[in-house]
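The values are calculated or read from the model by the stated rules, or taken from the named source; none is laboratory data. From a predicted model like this one, the values you see are computed outputs, not experimental measurements. Every residue, glycine as well, gets a Cβ built from its backbone with ideal geometry; the counts of neighbours run over all protein chains shown. Just so you know, the surface numbers come from the protein's heavy atoms only, side chains and all, with ligands and any DNA or RNA stripped out. Shrake-Rupley method; radii C 1.70, N 1.55, O 1.52, S 1.80 Å.
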Amino acid sequence: MGQSLNLLYTILALTFLTTHAQNNQTQFLDIHNAIRAQVGVPPLTWNHTLASYAQAFADKVKQTCDNMAQSYGPYGENTASGYGAFTIDDAVNQWVEEKPNYDHHLNECRNGTDCSHYTQVVWKESLFLGCANILCGAGWPFVVCEYYPPGNVQGKWPY
């Protein structure tokens, strides 16, 4: 009976983790693609290599709880952190809040502001997405998304 119960708990835990990961994947794609549709760029497709890279980076961040860390990897990257009930939508919306900073006619950020997180989200040549989210030791959420091909290429317009 004990082994059967342990097996049942293991199966339930794996089912929960798989379902949770699929729900996160859907949430990340849905919000990114809704924002991308607003500017007429193609939707992103989930990529497991990017998601694995994002998870490995998030796991490193979890060790130090440095919410300013960057992976400096070969992909486009956005990170966000928050407090309490900080959701996937909150993270992506944090990046999209930079939209007013972007001047599409001049293809630059206005008045020394940052708009690179927003332009990465809507970068028309980025086709693949992989993301991860963790809770850091202090209990604050950290979200990272990786994009391929990377955006924010000097001299090119995001859309």
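Observations, loosely collected:
- For region 66-82, 3J(HN,Hα) computed residue by residue from phi via the Karplus equation (6.51, -1.76, 1.60; θ = phi - 60°) reads 8, 6, 9, 5, 10, 7, 6, x, x, 10, x, 8, 10, 10, 8, 9, x Hz, glycine and proline entered as x.
- Antiparallel DSSP beta bridges within the chain, as percent of all bridges there, nearest 5: 90 percent
- Rounded to the nearest 10 Å², the accessible area of Val153 at probe 1.4 Å: 60 Å²
- Sequence-distant aspartates and glutamates (8 or more away, or on other chains) whose Cα lies within less than 20 Å of Lys60: Glu77, Glu146
- Coupling constants for region 145-154 follow from the phi torsions by the Karplus curve (6.51 cos²θ - 1.76 cosθ + 1.60, θ = phi - 60°), and in residue order they are 10, 10, 10, 9, x, x, x, 6, 7, 3 Hz; glycine and proline get x.
- Isotropically averaged projected area of the chain, using the convex hull of Cα atoms (one quarter of hull area), nm²: 10.8 nm²
- Protein heavy-atom accessible surface, 1.4 Å probe, per residue over the chain: 58 Å².
- Neighbourhood net charge (14 Å Cβ-Cβ; Lys/Arg +1, Asp/Glu -1) for Asn152: -4
- Approximating the spin labels as points 7 Å out from Cα along Cα→Cβ, the Val153-to-Lys124 distance works out to 1.2 nm.
- Built amide H within the under 5 Å cut-off of Gly130, gap 5+: Asn47, Glu146
- Surface composition of region 39-78: carbon plus sulfur atoms hold 52% of the accessible area, using a 1.4 angstrom probe and ignoring ligands, DNA and RNA.
- Kyte-Doolittle mean at least 0.5, axial Cα span of 15 Å or more - DSSP H helices of the chain: none
- Label sites at Ala69 and His104, each approximated as a point 7 angstrom past Cα along Cα to Cβ, lie 3.7 nm apart.
- Whole-percent carbon and sulfur share, accessible surface of region 79-133, 1.4 Å: 49 percent
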